[in-house]
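Read-outs throughout are calculated quantities, based only on the coordinates presented, and are distinct from any laboratory measurement. Predicted model only: the values in this text are computed from it and were never measured. No Cβ is skipped: glycine too gets one built from the backbone with ideal geometry, and neighbour counts run over all protein chains shown.
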Amino acid sequence: MKDSKLVIWGCGGMGREVNHLCEQLGYEVVGFLDERPEMRGQMVDETPVLGDLPDIMHLQDQLKVVCAGVGSPQLKKRLVQKTRDYGFSLAETLVHPAVQLSRKINLGIGSIICAGTIITINVHIGHFVIVNSSVTLAHDVRISDYVTLSPGVNISGNVTVEEGVFIGTGSALGEKITIGPWSMIGGGAFVKDDVPGGVLYAGVPAVYKKDLI
Ligand SMILES: CC(=O)SCCNC(=O)CCNC(=O)[C@H](O)C(C)(C)COP(=O)(O)OP(=O)(O)OC[C@H]1O[C@@H](n2cnc3c(N)ncnc32)[C@H](O)[C@@H]1OP(=O)(O)O
């Protein structure tokens with residue numbers, strides 16, 4: 001069992017997957033955090049929902065908080081700020097043992113990297129990033145803070161994914177492109193050109209669908 005005890009923001013699908021990852025890594029998960037008052041005291045996957053941060057102030061010195069239990073980049077960023085404001089410690093990055101990592105990657109704090117992912121050479125992954133199952137990140141890829149990569153995303157070499165981008169399940173990105181901040185790529189897309197910030201792109205090839213901001 002690892003030294004740190006953890007709590008996880010969110011008890012939906014992503015939070016439950018992170019709970020499973022923490023168990024596999026040998027962490028003690030004390031419970032989930034959820035802002036919805038009706039969730040407080042419920043059990044989810046045999047794990048208690050403890051409520052919001054004010055409900056666990058007495059445990060502040062004993063716990064680290066995992067913020068990557070919610071998939072929405074915007075919500076993740078807000079919960080990171082709230083966790084800092086309340087003076088809690090943030091959990092380190094959690095990497096499943098069945099991830100292939102090259103010796104030359106740069107990993108931020110508070111991220112999670114799920115099973116089956118392959119990360120090759122000279123890759124940067126920022127803070128509070130979710131890299132879901134079976135993602136591939138090729139050479140010289142840069143993933144900025146708060147990004148969420150859904151299962152089966154494939155990112156080619158020299159791609160930059162800027163802050164707060166969400167990429168849907170099974171999408172692929174061609175080489176040497178940039179996805180602008182807080183944009184979203186729909187599931188199943190192939191992106192061949194740069195995408196500006198704050199927009200939804202989807203389809204094969206991916207095209208502009210709508211503004212998000
Ligand atoms: C472990 C886990 O479960 S992780 C979960 C991961 N989840 C995902 O990957 C979900 C990905 N989600 C999607 O692809 C969704 O379609 C979203 C989030 C992009 C849809 O977002 P919304 O804001 O509801 O988009 P909306 O329905 O308004 O669609 C806007 C346009 O984009 C199109 N569109 C939306 N998604 C896609 C898509 N994936 N592929 C092609 N076109 C799409 C719509 O048909 C619509 O087109 P139109 O204007 O020509 O009619």
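Given Lys5/Lys77; Lys5/Lys104; Lys77/Lys176, which pairs have Cα atoms separated by over 25 Å? Spell out each step's value before the answer.
Values: Lys5/Lys77 22 Å; Lys5/Lys104 29 Å; Lys77/Lys176 27 Å.
From the list (Lys5/Lys77; Lys5/Lys104; Lys77/Lys176), the Cα-Cα distance tops 25 Å for Lys5/Lys104; Lys77/Lys176.
Measure out, as a whole number of angstrom, how far apart the alpha-carbon centroids of the stretch 146-189 and the stretch 62-140 sit.
Taking the Cα centre of the stretch 62-140 as reference, the centre of the stretch 146-189 is 15 Å away.
If I take every Cα pair under 8 Å that is 6 or more residues apart in the chain, average their sequence separation and divide by the length, what percent do I get for the relative contact order? Each step should come with its number before you reach the end.
Working: 621 pairs, mean separation 23.0, N = 213.
It comes to 11 percent, rounded to a whole number.
Could you give the nm distance between label points at Arg84 and Ser102, where each point is 7 Å from its Cα heading toward the beta carbon?
Those two pseudo-labels are separated by 3.0 nm.
What shape does the chain take by its C-alpha gyration tensor, where a ≥ b ≥ c are the square roots of the eigenvalues and a/c under 1.5 counts as rounded, a/b above b/c as prolate, and the rest as oblate?
prolate
Relative to the first principal axis of the alpha-carbon coordinates of the chain, what is the inclination of helix 13-24, with its axis defined by its Cα atoms, in degrees from 0 to 90 and to the nearest 10?
Once rounded, one gets 70 degrees.
Sorted by mean Cβ packing within 10 Å, highest first, what order do the peptides 185-194, 161-170 take?
Working: 185-194: 17.2, 161-170: 21.3.
The densest-packed peptide leads the list: 161-170, 185-194.
For the ranges 7-15, 86-94, 105-113, what's the packing order if you count other beta-carbon atoms within 10 Å of each residue, average per peptide, and put the highest first?
On the way: 7-15: 22.6, 86-94: 17.0, 105-113: 19.1.
The packing order, highest mean first, is 7-15, 105-113, 86-94.
Using only DSSP helix segments of four residues or longer, with each worth -39500 (n - 2.57), what per-residue ellipticity at 222 nm results for the chain after dividing by its residue count and rounding to 500? Provide the component values of the computation, followed by the final result.
On the way: 2 runs with 25 residues, N = 213.
Mean residue ellipticity at 222 nm (helix-derived): -3500 deg cm²/dmol.
Within a Cβ distance under 9 Å of Leu33, other residues only, what is the Lys/Arg minus Asp/Glu net charge? Numbers along the way, then the final one.
On the way: positive: none; negative: Asp34, Glu35, Asp52, Asp55.
Here the count lands on -4.
Helix 73-85: angle to the longest alpha-carbon principal axis of the chain, degrees 0 to 90, nearest 10?
40
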